[in-house]
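The values are calculated or read from the model by the stated rules, or taken from the named source; none is laboratory data. Predicted, not measured: the structure shown is a model, and the values here were computed from it. Positions of Cβ are backbone-derived with ideal geometry, glycine not excepted, and every protein chain shown enters the neighbour counts. Surface accessibility is based on the protein's heavy atoms, side chains included, excluding ligands, DNA and RNA. Shrake-Rupley method; radii C 1.70, N 1.55, O 1.52, S 1.80 Å.
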Amino acid sequence: MSVPLLKIGVVLSTMAMITNWMSQTLPSLVGLNTTKLTAAQGGYPDRSTGVLPANPEESWQVYSSAQDSEGRCVCTVVAPQQSMCSRDARTKQLRQLLEKVQNMTQSIQVLDQRTQRDLQYVEKMEVQLRGLETKFRQVEENHKQNIAKQYKAIKAKMEELRPLIPVLEEYKADAKLVLQFKEEVQNLTSVLSELQEEMGAYDYEELHNRVSNLEERLRACMQKLACGKLTGISDPITIKTSGSRFGSWMTDPLAPEGDTRVWYMDGYHNNRFVREYRSMQDFMTSDNFTSHRLPHPWSGTGQVVYNGSIYFNKFQSHVIIKFDFRTSSISKSRQLDYAGFNNAYHYAWGGHSDIDLMVDEGGLWAVYATNQNAGNIVISKLNPNTLQIIKSWTTNHPKRSAGESFMICGTLYVTNGYSGGTKVYYAYSTNSSTYEYIDIAFQNKYSHISMLDYNPRDRALYAWNNGHQVLYNVTLFHVIRSEEL
């Protein structure tokens with residue numbers, strides 16, 4: 001009796017091991033479906049850093065979706081950085097997992113063979129036991145005709161074997177469970193083989209080509225998106241702590257693919273040295289930079305780098321200068337007629353911030369104030385080559401009451417302050433020549449913002465916040481043009 005029970009214990013222990021493996025390994029398969037792909041945004045060159053979110057492998061994100069009154073698809077899309085293809089690790093993980101399943105399949109097959117052999121033995125034993133039980137009952141009924149000694153021996157043997165009957169019933173049920181495990185592992189092996197054929201059979205180059213193809217399709221999809229309306233600003237991402245309380249930093253939204261240089265200007269007046277860092281990574285982790293000396297000092301923190309040139313307001317004047325980094329020379333300069341300067345119409349924080357140059361999806365802009373508009377903000381669209389004003393819009397918002405401002409898709413957004421609690425509360429659309437008061441939360445982490453500009457390629461706000469260089473992701477509300485679908 002002890003030998004069959006020992007076999008049963010070994011089988012049950014093995015099945016417990018299988019159950020534990022299944023519970024620990026199968027959930028990890030879910031992770032195979034969480035790979036994210038990234039792509040550059042439509043209309044702008046691809047970029048390796050994106051906006052450096054907290055998680056650098058963050059992918060395309062849909063923040064909201066709905067339908068408008070005419071049934072058109074409405075969605076909010078933010079395209080962050082492009083990350084390197086990470087399929088290799090997952091492919092290796094898949095292959096290792098497939099090998100484990102195949103090994104476990106072989107073990108289950110051996111166990112199944114042993115179980116079937118033992119089951120045949122047990123079934124025969126069960127028949128003998130039940131026959132013995134019947135015989136004993138007959139003997140018991142006719143015990144008076146049998147010798148007392150034989151009766152006692154048979155009865156003792158029966159009592160010894162009787163507890164084994166329910167164990168045998170459980171053994172048969174457990175044998176069925178082993179068969180179910182075998183079928184499940186076979187199904188799992190089939191699924192993994194299909195995944196292997198789909199994804200694991202490709203080497204790095206093939207996978208990279210497939211990802212690149214998908215990125216092109218995503219980029220084409222992004223080009224179908226109309227320009228968006230600002231609906232949200234993320235928490236700040238601190239990139240670096242350096243410099244004085246005031247300054248500006250940026251990347252070029254029209255830089256060629258692979259150009260991720262960072263431009264850095266400390267201070268708001270009487271300085272003419274611009275630092276060039278080779279990449280965002282260099283800017284974050286080192287002080288290795290190239291210094292460019294401008295022919296004139298700048299005024300304020302409203303500089304902008306656009307298509308290889310820096311545009312800045314010459315100190316103590318209303319002159320705008322375009323300085324070409326490639327030739328290290330001034331390629332154009334022009335007066336911004338009637339614009340206040342030298343702290344006449346600065347932002348609320350001061351700092352000679354009379355003229356603020358900025359770019360968005362539509363090109364180059366100048367934000368300033370004039371006596372003719374009673375010190376209220378004037379928005380002018382500039383030709384980036386000639387610096388001539390293409391068109392101007394006058395607003396009713398006092399320039400001195402604005403904390404900072406930035407352009408997104410032809411709309412000027414203005415903050416209500418520069419220190420303490422801050423929000424975006426005023427928006428003027430140059431597309432419709434209308435304004436509205438809004439309420440978009442904006443976290444002023446270090447309590448003093450002296451520069452805030454939008455980069456249309458990164459879809460992010462660059463800020464100088466009390467000696468900290470900070471990024472904010474933005475959420476834009478897009479409407480897909482139905483005629484392009």
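Please list the non-local residues whose amide H lies under 5 Å from the amide H of Leu364, H modeled 1.01 Å from N, same-chain partners needing a gap of 5 or more.
Amide H neighbours of Leu364, under 5 Å, 5+ apart: Leu382.
How many percent of the accessible area of the range 340-460 is carbon or sulfur, using a 1.4 Å probe?
45 percent
Among rounded, prolate and oblate, which fits the range 229-477 when a ≥ b ≥ c are the square roots of the eigenvalues of its C-alpha gyration tensor, a/c under 1.5 means rounded, and a/b larger than b/c means prolate? Mind showing how you got there, number by number?
Numbers: a/c = 1.41, a/b = 1.12, b/c = 1.26.
Here the range 229-477 falls in the rounded category.
If you add up the charges near Asn343, with Lys and Arg at +1 and Asp and Glu at -1, over every other residue whose beta carbon is less than 12 angstrom from its beta carbon, what do you get?
The answer is +1.
Report the local net charge at His292: Lys and Arg +1, Asp and Glu -1, summed over other residues whose C-beta lies under 12 Å from its C-beta.
On the way: positive: Arg261, Arg272, Arg275, Arg293, Arg326; negative: Glu276, Asp324.
Result for the local shell: +3.
If the range 347-446 were replaced by its equivalent ellipsoid, with semi-axes equal to the square roots of 5 times the Cα gyration tensor eigenvalues, what would those be, largest first, whole Å?
Value: 22, 15, 13 Å, ordered largest first.
Seen from all sides and averaged, what is the projected area of the convex hull of the Cα atoms in the range 312-393, in nm²?
5.7 nm²
How big is the charge dipole of the range 229-477 about its Cα centre, in debye rounded to the nearest 20, if each Lys and Arg gets +1 on its Cβ and each Asp and Glu gets -1 on its Cβ?
Magnitude of the dipole: close to 420 debye.
Hey, what do the phi angles of the range 292-298 turn into as Karplus ³J(HN,Hα) couplings, whole Hz, using 6.51/-1.76/1.60 and θ = phi - 60°, x for Gly and Pro?
Result, ordered by residue: 10, 9, 7, x, 9, x, 9 Hz.
Return one whole number: the accessible area per residue of the range 348-485 in Å², for a 1.4 Å probe.
It amounts to 33 Å² per residue over the range 348-485.
What FRET efficiency do you get for Asp337 and Thr285 if R0 is 45 Å and r is their Cβ-Cβ distance, rounded to the nearest 0.05?
Computed FRET efficiency for Asp337 and Thr285 comes out at 0.50.
What's the magnitude of the charge dipole for the range 357-459 around its Cα centre, counting Lys and Arg as +1 and Asp and Glu as -1 at the beta-carbon? Answer in Debye, nearest 20.
140 debye
Where Lys and Arg each count +1 and Asp and Glu each count -1, what net charge lies around Ser405 among other residues with Cβ under 12 Å from its Cβ?
Surrounding charge for Ser405 is -3.
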